[in-house]
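S.K.: Here you go, one structure.
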Amino acid sequence: MRPENGHQARLLRLLRDGGPQSRAELGEAVELSKSKVAIELDRLAELGFVETAGLAASRGGRRSHVVALASSLRFVGIDIGATSIDVAITDGELRLLSRVSAPADVREGPNTVLDQVLDLVGKARADGAAPEVHGVGVGVPGPVSQRDGAPVVPPIMPGWNHFPVRDTLGAALGAPVMVDNDVNIMALGELHAGTARSVRDLLFVKIGTGIGCGIVVGGEVYRGVTGCAGDIGHIQVDDTGASSTPVCTCGNTGCLEAWFGGAALARDAEAAARTGRSAWLAERLQQRLAEGGSLTAADVGVAAETGDPVALGLIRDGGHRLGQVLASLVSFFNPGLVVIGGGVAGLGHQLLAEIRSVVYRRSLPLATGNLPIVLSELGGTAGVIGAARLVSDSVLSTA
Ligand SMILES: [Zn+2]
């Protein structure tokens, strides 16, 4: 099922993003005459996309019918992370109807992980939340070829290179599937339901194990020629004050991600614990080792909350380096908003304060005059909402 022309597609997106509206309001928004908009909406109702939802309040003259997206429309949003899978069912306006998640290891390869995904989709639909599925959006933690619907040389996803994720899930679920990088879908989630709702041009910075950036231009994700736009984790950060420059997983030295991010924080925390520079981290490391684990970025956050100076220093240095990169990006791109998200963004306000101070000091005043830099409010749901948004953009278009 597809809209038949551009007017119908625009009407559907207005209803998705703005909720139920009167025929008169919709006609004004798409600049169509009353009779023309009525014809398109009747056709959309026949196709099963929209339904009438009563009469609007009078604006003088005859009351206009309120139109809404069909209450049976269902999208599935899937967020495959390095260590977990999140699945959600949404309605046509991308509101969450049910959500399930489970730990997973993306390194176990596509067959195992996609079996887990299908299992979770089944659970999310179990209570009748989605008798029919109209589209499935998927985010994966690596670069994706949109044309092939498959990951391309993803560094942390062994066995996934060129694996047909889109076609495999499409065959299993009998619905259109769209696949994208996890950072891009989180940016779309922010655009649809987060702080970025009213913004058309923004940067979404994800600080997880690594660091990436979703670029939204004019309300659309910018992916670049080969789909790896926004891979800011491998921008080199000069740091003459540091005693040694860390080697990155990509083989270069001094990448942003080698300095900061979940993996780098865990490494630096362990070094501080082992050399006795932080008594708090040393004690936590003993606990973790006894449990068979090791220190994580979250431990650094807890240590910072207790006032541990080493942990505070790690967060400040990390925020400073990320701020240096962001200052350049802001001068180059002139966004209306910067949103910081991902697991390590949970380190919170200390980190945000450091990033803000560097960006506001180093970027041009014209670029930062009205530039909010904020933490994501959606947290863990940005990915699944954005995945649903990704496929809805496709299902609600003519192409
Ligand atoms: Zn690198």
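S.K.: Lysines near residue 206 by alpha-carbon distance under 29 Å, same-chain residues fewer than 8 away left out - which ones?
M.R.: Within the straight-line cut-off, residue 206 pairs with 123.
S.K.: Same structure again: Let's test the formula: R0 of 51 Å, r as the Cβ-Cβ distance of residue 162 and residue 17. What FRET efficiency results, to the nearest 0.05?
M.R.: 0.90
S.K.: Quote the convex hull volume per residue of segment 1-153, based on C-alpha atoms, as a whole number of Å³.
M.R.: In segment 1-153, the Cα hull volume divided by residue count equals 131 Å³.
S.K.: Hey, if you put +1 on the Cβ of every Lys and Arg and -1 on every Asp and Glu Cβ in segment 68-119, which of 113, 89, 101 ends up farthest toward the positive end of that dipole?
M.R.: Farthest towards the positive end: 89.
S.K.: List the equivalent ellipsoid semi-axes of segment 76-132 in whole Å, largest first, each obtained as the square root of 5λ for an eigenvalue λ of the Cα gyration tensor.
M.R.: Equivalent-ellipsoid dimensions as semi-axes: 22, 11, 8 Å.
S.K.: Still on this structure, I have one more. Just the number, please: Stokes-Einstein D of segment 157-269 in µm²/s, Kirkwood Rh from C-alpha pairs, 25 °C, 0.890 mPa s.
M.R.: 151
S.K.: Which value in Å does the Kirkwood hydrodynamic radius of segment 222-378 take, with 1/r averaged over all unlike C-alpha pairs and then inverted?
M.R.: Final number for the Kirkwood radius of segment 222-378 is 16.6 Å.
S.K.: Rounded to the nearest 500, what is the chain's calculated 222 nm mean residue ellipticity when only DSSP H runs of at least 4 contribute -39500 (n - 2.57) each, over all residues?
M.R.: The per-residue figure over the chain is -13000 deg cm²/dmol.
S.K.: Please report the net charge: other residues with Cβ closer than 12 Å to the Cβ of residue 262, K and R +1, D and E -1.
M.R.: -1
S.K.: Something else: Computed FRET efficiency, Cβ-Cβ of residue 283 and residue 35, R0 56 Å: what is it to the nearest 0.05?
M.R.: 0.15
S.K.: On to the next question. Just to be sure I understand the curve: with the Debye formula and one point per C-alpha of segment 192-256, what is log10 I(q)/I(0) at q = 0.14 Å⁻¹?
M.R.: -0.54
S.K.: Please report the orientation-averaged projected area of segment 306-399, defined via the convex hull of its C-alpha atoms, in nm².
M.R.: With the hull built on Cα positions only, its mean projection is 7.9 nm².
S.K.: Also, I was wondering about something else. Taking the convex hull of the Cα atoms, report for segment 1-85 its projected area averaged over all directions, in nm².
M.R.: Taking a quarter of the hull surface, the average projection is 7.1 nm².
S.K.: Let me ask you something else. Could you check the spin-label model distance between residue 370 and residue 72? Points 7 Å from the Cα along Cα→Cβ, value in nm.
M.R.: 4.5
S.K.: Same structure again: For the residues 275, 381, what sequence is obtained by ranking on other C-beta atoms within 10 Å, fewest first?
M.R.: 275, 381
S.K.: What ranking do 12, 352, 289 get, fewest neighbouring Cβ atoms within 10 angstrom at the top?
M.R.: Fewest-to-most ranking of 12, 352, 289: 289, 352, 12.
S.K.: Rounded to a whole number of µm²/s, how large is the Stokes-Einstein D of the chain at 4 °C and 1.567 mPa s, given Rh as the Kirkwood radius over C-alpha pairs?
M.R.: 57
S.K.: Treat the count of other C-beta atoms within 10 Å as a stand-in for reagent exposure and order 1, 186, 157, 178 from fewest to most.
M.R.: Placing the least packed residue first, the sequence is 1, 157, 178, 186.
S.K.: Moving on to the next point. Nearest 20 debye, what's the magnitude of the dipole of the chain about its Cα centre given +1 on Lys and Arg Cβ and -1 on Asp and Glu Cβ?
M.R.: Here the chain has a charge dipole of around 880 debye.
Bear in mind that the values in this text are calculations on the coordinates, not laboratory data. Please read these numbers as outputs of a predicted model, since none were measured by experiment. No Cβ is skipped: glycine too gets one built from the backbone with ideal geometry, and neighbour counts run over all protein chains shown.
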